[in-house]
Structures are given as C-alpha cells and as structure tokens.
1. Under 8 Å by Cβ, and 6 or more places apart or on different chains, what pairs join a residue from segment 225-249 that is touching a residue at least 12 places away in the same chain (Cβ under 8 Å) and farther than 20 Å from ASP92 by Cα with one that is among the β-branched types (Val, Ile, Thr) and not in a strand (DSSP E or B)?
2. Taking the criterion of being over 28 Å from VAL71 (Cα atoms) and in contact with a strand residue (DSSP E or B) (Cβ under 6 Å, 6 or more places away or on another chain), would at least one residue in segment 165-184 satisfy it?
3. Looking for something in contact with a helix residue (DSSP H, G or I) (Cβ under 7 Å, 6 or more places away or on another chain) and at pLDDT 95 or above - is there at least one such residue anywhere in segment 49-69?
4. Among the listed residues THR106, THR68, THR44, which satisfies the condition of being closer than 21 Å to THR220 by Cα and β-branched (Val, Ile, Thr)?
5. Does segment 126-146 contain at least one residue that is in contact (Cβ under 8 Å) with a residue 24 or more places away in the chain, open to solvent by 20 Å² or more (accessible area, probe 1.4 Å), within 25 Å of LYS39 (Cβ to Cβ) and out of contact with any helix residue (DSSP H, G or I) (no Cβ under 8 Å at 6 or more places or on another chain)?
6. Of all residues in segment 45-81 being aromatic (Phe, Trp, Tyr) and touching a residue at least 24 places away in the same chain (Cβ under 8 Å), which is farthest from GLY204 (Cα to Cα)?
7. Report whether or not TYR224 is in contact with a Pro (Cβ under 7 Å, 6 or more places away or on another chain) and hydroxyl-bearing (Ser, Thr, Tyr).
Amino acid sequence: MRCFLSLFFLALIVAPATRAAKIKTADDLIQAMQKKYAKSWYRTATFVQKTTDYDQDGNKKVSTWYETLSVPGSLRIDFTPVKEGSGVLFTDRKVYSFKDGKQESTRAFVHPLMILGFDIYKLPAADVIETLKALKFDLSILREDTWQERPVFVVGAKPGDLHSPQFWIDQRNLYFVRMLRPAGKDGTQTQETQFNNYQRLGGGWMAPEVIFKVDGQIRTTEEYSEMRANPPLDLRLFDPQYWTSVHWRE
C-alpha cells in the first residue's frame, strides 16, 4: 500500500511536467485544452450569481443575477426581479442591453471571458486563435509560471509583465484562471480577472468565485450557486426578440 501511494503521488507530480514538456506554443496549448474537453464540456449551464460591486471608498452594493450559458457563444444575464425585464445578452458577438423589458442598446462585442473560460473548448481551434489575436493577446509568447501554488501557462506576456494582455491557464486541469489587460481611457490602468475555486460541472468545470480588480483593488466579486450542467433550454432565451417572453427562471 505504501508503495502504491508513493507511485500515485509521484504520478500527480510528474503529469503536469510531462504535459508542459509537450506544450511549447499557444497553438499547442489550445489544442491540448480541446483534446481534453471538446467531447465532454457542457453545452449549456445555468447558475445563480451573487454580485458585489465596490466603489473606491469601499462601499458595496449586492445584487442577484440569473445566468444562462449556451456554449459556444451565448450568455444571458437576467437582473432581479426578473419580471422587470432588465439584463444583458451576449450572443452572435454582440451585446444587447435591456431595461424594463425594452432593448436599450446593441453593439459589436466579443466577451474575452466567454472565449477563455468556455468557448475555447467548443470552437474550432482556428477560430479561437483568430479571436484571441483580435483581442490583442500576443500568442507568440508562452511561458510557465505559478499561480495560487499551482503551475500555469501564461500566454501574452514575459516574466515580470503584469500589464500587457495575457491569460493564465492551469497546467494540470487546463482551465482558465487569470487574465490581465490594460484598462482606462489611456490604457495605463490594469484590469485583472480571476476564476477561483473551480468545481467539477458535468464533463467540465466552473469557477464559483470570480474576482475583478483594477490596479490591484477589488471592484466586483461574483459568487455562483445552484450550478447546473446541460439543463434543457429553450434556445429563444438567446434571441433578443424573445427577451421578455422566455425565461429559465421566474
């Protein structure tokens, strides 16, 4: 038994190192992520989100959102109370904003967290690469680092650079854990997003804690509950013309 346990723990240590040895480029990394999860990652998901926003004085505002995912490409956020018809819809590389049941605005938008956290497992690799380049990630840079005491791959920035557009991927489980990008009108601020405390969900994963920072200061936190993988969903949920008539939760 002692010998078996020794071999088991040795395997846990060696596996990430072996994987890292095979991954030398961002293309290699994307292909490895897709090979691991393309067949098993959930197609749909729902969860309840507790959103806490902090102002610069530390005051906080807490709200509840109901969220619905269709992977790849669509995310619906219903603000509570749902009957008021306010929220946001990301679909077809656009973002729609609704208030009191009416569409307020729409514009072209690619959600980087959707791409990195979910769509990367279901989109063709060529589409993922093209999209990440358009989001200004330098895919020619890939290195290894450590994040929260775990080995990670970092794409887009050299050692010591915590400002350029970059994303961090856990080496063992090949999921997204961190993104940093320039922010503010002049790009001098640094926006950081963390996906923390991952839990298994269906054949994939979901991080029930998401943290958004600007220049190291927490601006927003998200806490997920009631996470469900592959629930049957009415696809009209992601059609803006049905915003007020179709809901997954009242």
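The values are calculated or read from the model by the stated rules, or taken from the named source; none is laboratory data. Note that the coordinates shown come from a computational prediction; the quantities given were computed from them, not determined experimentally. Cβ coordinates were reconstructed from backbone atoms using ideal geometry, including for glycine residues, and neighbour counts include every protein chain displayed. When the accessible area is computed, the model is the full protein with side chains, heavy atoms only, and any ligands, DNA or RNA have been set aside. Shrake-Rupley method; radii C 1.70, N 1.55, O 1.52, S 1.80 Å.
1. ARG249/VAL82
2. No; the residues of segment 165-184 include none that is over 28 Å from VAL71 (Cα atoms) and in contact with a strand residue (DSSP E or B) (Cβ under 6 Å, 6 or more places away or on another chain).
3. Narrowing segment 49-69 to residues in contact with a helix residue (DSSP H, G or I) (Cβ under 7 Å, 6 or more places away or on another chain): 66, 68.
In the following step, the residues that additionally are at pLDDT 95 or above were identified as 66, 68.
Yes - at least one qualifying residue is present in segment 49-69.
4. Step by step, each of THR106, THR68, THR44 is checked, and only THR68 is closer than 21 Å to THR220 by Cα and β-branched (Val, Ile, Thr).
5. So far as segment 126-146 goes, no, none of its residues is in contact (Cβ under 8 Å) with a residue 24 or more places away in the chain, open to solvent by 20 Å² or more (accessible area, probe 1.4 Å), within 25 Å of LYS39 (Cβ to Cβ) and out of contact with any helix residue (DSSP H, G or I) (no Cβ under 8 Å at 6 or more places or on another chain).
6. Step by step, filter segment 45-81, then rank; the result is TYR54.
7. Numbers: in contact with a Pro (Cβ under 7 Å, 6 or more places away or on another chain): yes; hydroxyl-bearing (Ser, Thr, Tyr): yes.
In short, yes.
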